[in-house]
Amino acid sequence: MAGSGQRRVVVAGAGIPGLSLALALKRAHGPALAVTVCDPALASGAARHRGRAFAVAAGGRRMFAQLGIWEAVSAAAEPIRDMVVSDSRLTDPVRPVFLTFAQEPSPQDAVAGEPFAHMVEAEPLVAALLAACAAAGVVLDPVGIASADPGPEATELHRTDGRAETASLLVAADGARSRLREGAGIGWVGWSYPQSGIVATIGHERPHGGRAYEHFLPSGPFAILPLVEGGALGHRSSIVWTERAADVPALLGGGPDETLVEIERRFGHGLGRIVLEDGPSAHPLAFGIARRFRADRMALLGDAAHVIHPIAGQGLNLGLAGAASLAQAVTDALRLGLDPGAPDVLQTYERERRFETLAMGAMTDGLNRLFSTDALPVRLARDLGLGLVDRLPGLKRLFIGQAAAVRGTLPRLLRGQAL
């Protein structure tokens, strides 16, 4: 239990945003703030994330560096040095390139000299977060939070093992189907896409050189994202393959050899012979956003607050931005001797995050609808638009800055500053 006069924050959910928030708060406040992460999945440690990888934007990398874990994961992080965007049908003999992004140092570039993103495998990242949380004094409890009863001074939490405790603030980071969000009566606006996201790790003969590919097909984008060297052929990439959900059983229902043939049709031969190293696994795609990001003594974080299409690779970065904003709002309140679960603290967090989340969700939804079609007039218009962007350096730098999460009003952690 928290000591006399000690505040407590409980994070329900041990995903990357939840662990990042817990670590940030504990490092900023030490013994003055009790921080607990509750999640039954903690019993399996970081292994449950095996085979997944994320594009961590420059802002997220700065946050991890400030939290003291980037050094632990840097060996598992591959910088994305440039990106090539193409658009064609699967049967087209050539894949014309319409847009390229390269990290070109410039005095006006918000990320000059810094990759706009790194591909980081999830398992070592989560392992580093768990180790740092434990070293900092965060309590890691492999049990769920079933419900919460907020009061004027604290909220009473009921654990799935029957225990109860109180906290100043409960952070619901328990996923898109959050029971805590539903229990608080917070509505959800969303829809399912007629698509699945297929992820896999591919080994290949030739080095990728830090280049990412986004190839738009009528069924959805096929992304090739560089990973650190290794594997059977010496080089590896992660693929994120968006496909019509109705076609997935046929595409993945055969043996490994048949699946590899389908991947190779989309992957191409630019990196030489390929092998399947991990996966594939298919996941239904959806869009959703909570009507509010807060309730009495509760804040929503990560997928409990928002789910977006993976077309821009920004889902995790939205969650990290939310963790940085909430950590800052709570810290600013605590340093003034105020209640971290008070309505005005949570309103500050919601005000900072909701509009940007809505904007990112609308952008990814619009991009998916624009590019997941084979209508010739639409294809011509979008390819013309991509070509225009490619010829406007200022606009390209703007897009890079947005993708790197280093533009606009940023919380301190995303700027690489201490709380």
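Just how large is the dipole of segment 225-296 about the Cα centre, in debye to the nearest 20, putting +1 at every Lys and Arg Cβ and -1 at every Asp and Glu Cβ?
For segment 225-296, the charge dipole is close to 460 debye.
For the chain, what % of the accessible area comes from carbon and sulfur atoms, probe 1.4 Å?
55
Under unit Cβ charges (Lys, Arg +1; Asp, Glu -1), what dipole magnitude, rounded to 20 debye, does segment 133-177 have relative to its Cα centre?
160
Roughly how big is the chain's charge dipole about its Cα centre, with Cβ charges of +1 (Lys, Arg) and -1 (Asp, Glu), in debye to the nearest 20?
It comes to approximately 720 debye.
Using alpha-carbon pairs under 8 Å, 6+ residues apart, how would you state the relative contact order of segment 178-320 in percent?
For segment 178-320, the relative contact order is 32 percent.
Protein chains only, probe 1.4 Å: how do E258, E114 rank by accessible area, largest first?
E258, E114
Among the DSSP beta bridges whose two residues both lie in the chain, what percent are antiparallel, rounded to the nearest 5?
DSSP beta bridges in the chain are roughly 75 percent antiparallel.
Please list W241, W191 in order of solvent-accessible area, largest first, computed with a 1.4 Å probe with all protein chains present.
Greatest to least solvent exposure: W191, W241.
Only helices at least 18 Å long along their axis, Cα-based, and averaging 1.6 or more on Kyte-Doolittle count here, so list those DSSP H runs from the chain.
Span-like helices here: 122-136.
If you work out Kirkwood radius over Cα pairs in Å from the coordinates, which of [x] 22.2; [y] 20.8; [z] 23.3 do you get?
Label [x] holds the value from this structure.
Quick one: what Rg and Dmax do you get for segment 56-99 from the alpha carbons, in Å?
When restricted to the Cα atoms of segment 56-99, Rg and Dmax are 16.9, 48 Å.
With every protein chain kept in the model, how would you rank R211, R177, R351 by accessible area, 1.4 Å probe, largest at the top?
Per-residue accessible area, sorted high to low, gives R177, R351, R211.
State the answer as a single residue: which of A132, G162, A148 lies farthest towards the positive end of the charge dipole of segment 109-183, with beta carbon charges of +1 for Lys and Arg and -1 for Asp and Glu, about the Cα centre.
Result: G162.
Hey, what number do you get for the chain at 222 nm if only DSSP H runs of n ≥ 4 count, each worth -39500 (n - 2.57), divided across all residues, to the nearest 500?
-10500 deg cm²/dmol
Suppose all protein chains stay in the model; what accessible area per residue would a 1.4 Å probe give for the chain, in Å²?
42
The values are calculated or read from the model by the stated rules, or taken from the named source; none is laboratory data. The structure presented is a predicted model; accordingly, all values stated were derived computationally and were not measured. Cβ coordinates were reconstructed from backbone atoms using ideal geometry, including for glycine residues, and neighbour counts include every protein chain displayed. For accessibility, only protein heavy atoms count, side chains too; no ligands or nucleic acids. Shrake-Rupley method; radii C 1.70, N 1.55, O 1.52, S 1.80 Å.
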